[in-house]
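Novice: Mind having a look at this structure? Questions to follow.
The values are calculated or read from the model by the stated rules, or taken from the named source; none is laboratory data. Here the structure is a predicted model, which means the values were calculated and not measured. Cβ coordinates were reconstructed from backbone atoms using ideal geometry, including for glycine residues, and neighbour counts include every protein chain displayed.
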Amino acid sequence: MLITLDDAVQIVMSKVKLLPHEAIGLDDALGRVLARPVKADRDLPPADLSAMDGYAIRAEDLAPEQTRLKVIGESAAGRKPAFRVRRGEAARIYTGALLPSGADTVVMVEQCVEENGVVVIAGPVKPYSMLFRRAENASRKDVLIPAGEALRSPSIGTCAAVGASPVRVYRHPATAILCTGEELRAVEDAVKPHETRNSNGPMLQAALREWGFSCKRRVVADRLSDITRTLRRLAGENDVLIVTGGVSKGRYDFVREAVERIGGRIQFHGVSMKPGKPQLFATLKGGRLIFALPGNPLSAMTGLHELVLPAMRRMVGYEPERCRPVLQAILQRPLANHGDRLRMVLARVKFDGARLAAEPVGVQSSGDVVACAKANGAIILPCETELDAGALAEFHPWTPELF
Ligand code: AMP
Ligand code: MG
């Protein structure tokens, strides 16, 4: 019995458990989701600092016309000034340098002329200005990045500034892709007409990588004993198993039986979608997940993006609503689905001004790897839908660039 894609997603997500968290050095934390908030370890800025190159002075010394002050030293970034600015005195100061005690204002260098140890300040000066004030950005112990947020380069910078390394992030799942098929040959191999280069392996691995996940890859021929043995071994070493091929009803489709033999509980087998109908999802003890995707490349890709990646994103800490990216794009051509299964229409979207425009990609069959290269995601077309050109359609991106 086929279930709907929505039900399939719901079943998958109900079986997913967040992985435990771990401490990881900041240099390896890009893309990882925080399990604990990052807090300021000190005030930011930690003291009053100069925002300009110029002179540190006391506002009370400012005269209405022209101010003349004795230069008694300088304060540069990275050095602690060992003097105090008293009445009638000034100190050279540079951007990011500590404001010397006694001073309360910085005058930018463009308004100053220094000669024989005296600085002459001309033009209007705003008292207490040109400063980065202590704690104006954050106070010690303030939460700067909440838990649940994925670390990107700007937030890595914030972590670094407050000494947050290692950070506590959710562990990533150990993951394996197992491609099944007697016909499969490696990319580098010569192929005869009855043989197929294993394109699913590299494609799915690359897709995982694009979304920040790593995995290992194996290939096995269509023999129940071999598939079972390989699956059992991989299940012992991984949190997520992604199998391709051998999951339909053919004479050489052994994956379901192999999954059952290693103790997998089948949660569903068959989703009402096109391409990608024979998707299988099973669970193993300890929260391990097995996804068996049809071997046809487009079916495998739809399964990966609709079911596998959302589960993996949840495991590593993304909020549920952030696990399955959905965009709205303007159709460039009319589309209709009069079939009895939800259709995934391969499309390429691009930004048209501030909006996304979706151009469906012509596809011959679910084995059309040529079409694959033209698409960057799929339009979701429910049954009994007719959409005109210019209508908004739901688009599921296959690349994080769009998201
Ligand atoms: P299957 O799901 O095993 O019935 O395979 C369906 C179709 O997908 C067949 O034409 C297979 O040759 C093809 N196929 C299966 N696995 C792969 C793979 N790893 N790379 C490319 N094509 C594949
Ligand atoms: Mg096969």
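Novice: Could you look through region 178-198, keep only residues that are more than 15 Å from ligand 2 (Cβ to nearest atom) and of a type in the set (Val, Ile, Thr), and pick out the one that is nearest to the chain's Cα centre (by Cα)?
Specialist: In the first step, residues of region 178-198 are kept if they are more than 15 Å from ligand 2 (Cβ to nearest atom); the result is 186-193.
Filter again for of a type in the set (Val, Ile, Thr), leaving 187, 191.
Values: Val187: 29, Val191: 37 Å.
Looking at the filtered set, the residue picked out is Val187.
Novice: Condition first: out of contact with any Phe, Trp or Tyr (no Cβ under 9 Å at 6 or more places or on another chain) and within 16 Å of ligand 1 (Cβ to nearest atom). Now tell me which residues in region 276-301 satisfy that.
Specialist: Of everything in region 276-301, those that are out of contact with any Phe, Trp or Tyr (no Cβ under 9 Å at 6 or more places or on another chain) and within 16 Å of ligand 1 (Cβ to nearest atom) turn out to be Gly276, Lys277, Pro278, Leu293, Pro294, Gly295, Asn296, Pro297, Leu298, Ser299, Ala300.
Novice: Now for a separate question. Part of a loop (DSSP other than H, G, I, E, B), surrounded by fewer than 17 Cβ atoms within 10 Å (Cβ to Cβ) and either over 23 Å from the mean Cα position of the chain (by Cα) or more than 16 Å from ligand 2 (Cβ to nearest atom) (or both): is that true of Gly157 in this structure?
Specialist: no
Novice: If Pro64 satisfies all but one of (1) closer than 15 Å to Tyr128 by Cβ; (2) without any contact (Cβ under 8 Å) to a residue 40 or more places away in the chain, what's the number of the condition it fails?
Specialist: So Pro64 meets the others, but not (1).
Novice: Can you go through Ala282, Ala292, Ala258 and tell me which one is farther than 25 Å from Tyr170 by Cβ and in a strand (DSSP E or B)? Explain how you work it out, then say what you get.
Specialist: On the way: Ala282 fails: farther than 25 Å from Tyr170 by Cβ; Ala258 fails: in a strand (DSSP E or B).
The unique qualifying residue is Ala292.
Novice: Using beta carbons and a limit of 8 Å, which pairs, at least six apart or on different chains, have the first residue in region 237-265 and near ligand 1 (Cβ under 8 Å from one of its atoms) and the second one part of a strand (DSSP E or B) and aromatic (Phe, Trp, Tyr)?
Specialist: From region 237-265, no pairs qualify.
Novice: For residues in region 276-309 being buried (at least 24 other Cβ atoms within 10 Å of the Cβ) and of a type in the set (S, T, N, Q), which is nearest to Lys17 (Cα to Cα)?
Specialist: Within region 276-309, the match that is nearest to Lys17 (Cα to Cα) is Gln279.
Novice: Return the residues of region 234-263 that are away from ligand 2 (no atom under 16 Å from the Cβ), more than 30 Å from the chain's Cα centre (by Cα) and surrounded by fewer than 16 Cβ atoms within 10 Å (Cβ to Cβ); say none if nothing qualifies. Spell out the reasoning first.
Specialist: Within region 234-263, the subset away from ligand 2 (no atom under 16 Å from the Cβ) is 234-241, 260-263.
Those still in the list that are more than 30 Å from the chain's Cα centre (by Cα) too: 260-263.
Matches in region 234-263: Glu260, Gly263.
Novice: Continuing with this model, one more query. Looking for whichever is farther than 30 Å from Thr158 by Cα, among the small types (Gly, Ala, Ser) and not in a strand (DSSP E or B) here; the options are Ala103, Ala63, Ala77. Which one fits?
Specialist: After applying the criteria, what remains is Ala63.
Novice: For region 308-344, give me each residue that is in contact with a helix residue (DSSP H, G or I) (Cβ under 8 Å, 6 or more places away or on another chain) and within 16 Å of ligand 1 (Cβ to nearest atom).
Specialist: Answer for region 308-344, where residues must be in contact with a helix residue (DSSP H, G or I) (Cβ under 8 Å, 6 or more places away or on another chain) and within 16 Å of ligand 1 (Cβ to nearest atom): there is none.
Novice: May I pose another question? Pull out all pairs, ordered by first then second residue, where Cβ-Cβ is under 8 Å, the residues are six or more apart or on different chains, the first lies in region 12-34 and is closer than 18 Å to Pro146 by Cβ, and the second is of a type in the set (Phe, Trp, Tyr) and assigned to a loop (DSSP other than H, G, I, E, B).
Specialist: Once the first residue is closer than 18 Å to Pro146 by Cβ and sits in region 12-34, its partners that are of a type in the set (Phe, Trp, Tyr) and assigned to a loop (DSSP other than H, G, I, E, B) give Val33/Tyr318.
Novice: Next question. For region 266-275: of the residues being aliphatic (A, V, I, L, M) and within 16 Å of ligand 1 (Cβ to nearest atom), which is surrounded by the fewest Cβ atoms within 10 Å (Cβ to Cβ)? Spell out how you get there, then give the answer.
Specialist: In the first step, residues of region 266-275 are kept if they are aliphatic (A, V, I, L, M); the result is 266, 271, 273.
From what is left, the residues that are within 16 Å of ligand 1 (Cβ to nearest atom) are 271, 273.
On the way: Val271: 26, Met273: 23.
Selected residue: Met273.
Novice: Take the residues of region 171-212 that are touching a Pro at 6+ places or on another chain (Cβ under 7 Å) and more than 9 Å from ligand 1 (Cβ to nearest atom): which is nearest to Leu234 (Cα to Cα)?
Specialist: Here the answer is Arg171.
Novice: Which numbered condition trips up Leu402, out of (1) modelled with pLDDT under 95; (2) within 22 Å of Val271 (Cβ to Cβ); (3) not acidic (Asp, Glu)?
Specialist: (2)
Novice: Further, regarding this structure: Search region 269-285 for residues that are over 21 Å from Gln364 (Cα atoms) and pair each with any residue that is aromatic (Phe, Trp, Tyr) and surrounded by fewer than 19 Cβ atoms within 10 Å (Cβ to Cβ) when their beta-carbon atoms are under 8 Å apart and the residues are at least 6 apart or on different chains.
Specialist: Filtered contacts from region 269-285: Leu280/Phe268; Phe281/Phe268.
Novice: Just checking, how many residues over region 163-209 are surrounded by fewer than 19 Cβ atoms within 10 Å (Cβ to Cβ) and within 27 Å of Val38 (Cβ to Cβ)?
Specialist: The qualifying residues number 7.
Novice: Additional query: Please work out if Ile266 is within 20 Å of Lys15 (Cα to Cα), over 29 Å from the mean Cα position of the chain (by Cα), more than 16 Å from ligand 2 (Cβ to nearest atom) and outside any loop (DSSP other than H, G, I, E, B). Don't jump to the end; show me each part of the working.
Specialist: On the way: within 20 Å of Lys15 (Cα to Cα): yes; over 29 Å from the mean Cα position of the chain (by Cα): yes; more than 16 Å from ligand 2 (Cβ to nearest atom): yes; outside any loop (DSSP other than H, G, I, E, B): yes.
So Ile266 fits the description; yes.
Novice: Checking the conditions here, which among Arg134, Arg140 is within 22 Å of Ala77 (Cα to Cα), loosely packed, with under 14 Cβ neighbours inside 10 Å and in contact (Cβ under 8 Å) with a residue 12 or more places away in the chain?
Specialist: Answer to the selection: Arg140.
Novice: What pairs can you find where one residue is in region 169-197 and over 14 Å from Gly246 (Cα atoms), the other is aromatic (Phe, Trp, Tyr) and away from ligand 2 (no atom under 16 Å from the Cβ), and their Cβ atoms are less than 8 Å apart, with a gap of 6+ or different chains?
Specialist: Hits for this filter: His172/Phe213; Pro173/Phe213; Thr175/Phe213.
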